[in-house]
Amino acid sequence: PEPRRALPGAVGALCRALPSHARPAPDTLRRARFDRPQASLDFWKLLYALLKQIHGGQWTESDTIENQVVFVKSALWYHGYGRPGLYQLPSDGSAGSRELLLAFSWLLHRLSLLEQLLARNRVKTGDEAHVCMCEDDLLSSQKSATEIAPESGLEDRVDIRYLQWLHGRLRFQWRSLYAQHQEHCKLLHKIHLLTSGSHIDQTLGHFSVTETDLVRRPESYKQLLQLLESETMQLEAFLEWKQLESVYWQWMETVLDNVAEEGNTCDTQDTHAEKSRLPKAPSCCPWAASVIGQIDRLSTDLTTLRDQLHKLVTHRRAAWREQVKTREKELQREGFSAAATKIREHVELKLLDLTSLCAPTRNQLHGSCRLVFRRKQHPASKGSFSGSASKEPVSAVSAAEVIRELQKSQASLERELKQLREECRQKLDEIAEGLDGVICVSP
């Protein structure tokens, strides 16, 4: 179909694919295309509801518009949205509907907004657990984060007591979460054990929490049916949206063209206005000439000071590099054996990673999997995480296998932690050697 004729269908499918509590009217997007102020408030509320849900917060209508605007700007800044026009919008939500339309479209593309919302709002009829066995992605992300992180010097000092307090608080919260997870697993096991053999599907063999609740309260099936129907309608709208998505992005290109044209027009008008105002300043304000002269002198002094600082920094940097080179040569002569030990440990870690990479490939689970209790079957499927209701043993991975994989990851992380601690201890010893009158005792 032609883009203009298909555009209402694309916008309508997009709105229907959003959650019901944050579903805008299609006219809201069309008004925002022309920067109508009537659509600004609705767009702020839309982005607030969607971003709150993505970040796991509770969305409430009682929040003031100022709080919603602040949260949306903070969340977009966190996700890397760098358009300055959005952050200059007023906090009362009275303007900027087109800027909000651009931010909303950016979230659609950058964060896969619809996919995330559909996954979060999915009706869970079975007991599920999150399993991730993709260790390679985690290691690569850690390495990239280490490479990107800037080197912090001694100037960025933090009180060690505050770091210890944060570490203790984190450990306490982690233990509380672990205890709650254990209690949750015990209750799930109890439900699965007591309902074993009651399910019509022999592959599962037991009820889930939702099914057990339906048995206890049969009248609640109407609410579950409504939720399933609503989810089905959202999925149908999402499929329609994927077919018409290209039409929406073509329309957004025209919106960007309009923004660029208006921006050029405003820049030209501002330039003409400044040119027309500046020559008239001395005639209307007698003291303007002296102020302009002082500004020029300050600008000249700042330029001179900047050049002097640049020369000083260049000289200091060159001297520091020479000192570093000299120190490196001394360390190479003094600590060759220590460096060889470090290299050997590093090579051993690399060999362990290489061994794991060269191992035969297996099904790496990632995401939510349904918990299925296995007691009287093959040992490989006991207490398994089943990704589907298939009777094939390949579709399930046992809890024992997941535990073994986690133990391997734990051993690898402990080796890496030991190596990092040793490197930190050596760095502290080097720093302590340069301090006069200070005695440091290693822990």
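Remarks
- The packing ranking of peptides 97-107, 223-233, highest mean first, is 97-107, 223-233, where packing means the average number of other beta carbon atoms within 10 angstrom of each residue.
- Region 1-95, accessible surface, carbon-and-sulfur percent (1.4 angstrom probe): 51 percent
- Region 21-71, dipole about Cα centre (Lys/Arg Cβ +1, Asp/Glu Cβ -1), debye to the nearest 20: 260 debye
- By average C-beta atoms within 10 angstrom, highest first, the peptides 159-168, 398-407, 27-36: 27-36, 398-407, 159-168
- Heavy atoms of the protein chains alone define the surface here; on that basis region 398-442 has 83 Å² accessible area per residue at 1.4 Å probe size.
- Solvent-accessible area, 1.4 Å probe, carbon plus sulfur percent, for region 398-442: 58 percent
- The residues of region 173-255 present an accessible area of 71 Å² per residue when probed at 1.4 Å with all protein chains retained.
- Checking the Cα-Cα distances for Lys186/Lys418; Lys124/Lys242; Lys73/Lys311; Lys222/Lys242; Lys45/Lys190 against a 32 Å cut-off, the pairs over it are Lys186/Lys418; Lys73/Lys311; Lys45/Lys190.
- Remark: region 398-442 carries a charge dipole of roughly 280 debye about the Cα centre, counting +1 on each Lys and Arg Cβ and -1 on each Asp and Glu Cβ.
- A crude spin-label estimate for the pair Gln202 and Glu322, with each label 7 Å from Cα along the Cβ direction, gives 8.6 nm.
- Of the peptides 112-118, 41-47, 173-179, 198-204, the order by per-residue mean of other Cβ atoms within 10 Å, starting with the highest, comes out as 41-47, 112-118, 198-204, 173-179.
- Segment Leu170-Cys132, extension gain: residue separation times 0.36 nm, minus the distance between their alpha carbons: 11.5 nm
- All-pairs alpha carbon distance profile, region 398-442, 5 Å steps from 0, percent: 5, 19, 15, 13, 11, 9, 9, 7, 6, 4, 2, 1
The values are calculated or read from the model by the stated rules, or taken from the named source; none is laboratory data. As the structure is a prediction and not an experimental result, all values here were calculated from the model. Backbone-built Cβ (ideal geometry, glycine too); neighbour counts: all protein chains shown. Note: areas computed on protein heavy atoms with side chains; ligands, DNA, RNA excluded. Shrake-Rupley method; radii C 1.70, N 1.55, O 1.52, S 1.80 Å.
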